[in-house]
């Protein structure tokens, strides 16, 4: 097989060489991950403000 591995699989593509699919589970997982990272950054900023005063 000489198919190249793609990062995101489009729904109309007929390949099995992919890392992420475009479906509800992937979108939900990415949304949760981004929300967690944002909360982590906000927590770091808030704790920095409290501990430097």
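What follows draws every value from the coordinates through simple rules; no lab data is involved. Computed from a predicted model, the values in this text were never measured in an experiment. In this analysis, Cβ positions are derived from the backbone assuming ideal geometry, glycine residues included, and neighbour counts consider all displayed protein chains.
Peptides 35-42, 20-27, 46-53 ranked from most to least packed, by the mean per-residue count of other Cβ atoms within 10 Å: 20-27, 35-42, 46-53. One decimal place: the segment residue 33-residue 46 gains 2.7 nm when fully extended, by the rule 0.36 nm per residue minus the C-alpha distance.
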